[in-house]
Amino acid sequence: MTTTIEDRFAQNLRKLRKAAGLSQEELAFRSQIHRTQISLLEGGHRLPRIYTLVKLAGALGATSNDLLEGITWEPIITVTGGLTVTPPAGEAGREDDPSTDDPALGRLAAGQGSRGAFDGDDGADWEL
């Protein structure tokens, strides 16, 4: 099973929250983010906007990098470029070409282009 960005972010957030000894309610209060949003983020159902990421990091006494651990981007220079999500230590994950998991990345890697792409956060489309 492939670890998604949402899953990896959720695992990082949950790990840091528990390490800080906070409940979801306490984290919501400290970060001024609704508890439902914390639950959705920890459940892997949402990804945060940048200001939400910064608020969470501050409330946890962590860095944005801590919350994004294991999530990287490799430029698409060859067919193997693209989004890379590393499963947490001890969790088995596929080592296939990431472009096969996302049809849009597969088209981009194959040089077929796209009219626009969704960044997964704010609904903004942009031209390539």
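The values are calculated or read from the model by the stated rules, or taken from the named source; none is laboratory data. None of these values were measured; they are calculated from a predicted model. Note that each Cβ is placed from the backbone with ideal geometry, even for glycine, and that neighbours are counted across all protein chains shown.
For region 39-59, filtering for residues that are in contact with a Leu (Cβ under 9 Å, 6 or more places away or on another chain) and without any contact (Cβ under 8 Å) to a residue 24 or more places away in the chain leaves 3. The set of residues in region 64-82 being at pLDDT below 95 and of a type in the set (S, T, N, Q) consists of Thr72, Thr78, Thr80. Residues in region 1-31 that are part of a loop (DSSP other than H, G, I, E, B), touching a residue at least 24 places away in the same chain (Cβ under 8 Å) and more than 22 Å from Thr84 (Cβ to Cβ): Ala20, Leu22. For region 32-51, a residue qualifies if it is buried (at least 18 other Cβ atoms within 10 Å of the Cβ) and assigned to a helix (DSSP H, G or I), and the qualifying residues are Ile38, Leu41, Glu42. Beta carbons closer than 8 Å, at least 6 apart along the sequence or on distinct chains, pair a first residue in region 60-75 that is surrounded by fewer than 17 Cβ atoms within 10 Å (Cβ to Cβ) with a second that is among the aromatic types (Phe, Trp, Tyr) and not in a loop (DSSP other than H, G, I, E, B) for Leu68/Phe9. Inclusion of Gly61 among residues that are under 23 Å from Ala89 (Cα atoms), modelled with pLDDT under 95 and not hydroxyl-bearing (Ser, Thr, Tyr) is not warranted.
The set of residues in region 17-31 being surrounded by fewer than 18 Cβ atoms within 10 Å (Cβ to Cβ) and among the small types (Gly, Ala, Ser) consists of Ala19, Ala20, Gly21, Ser23. Residue check: Gly93 meets all listed conditions (1) at pLDDT 70 or above; (2) in contact with a Pro (Cβ under 9 Å, 6 or more places away or on another chain); (3) not assigned by TED's automatic domain parsing to the domain that holds Gln11 but one, namely (1).
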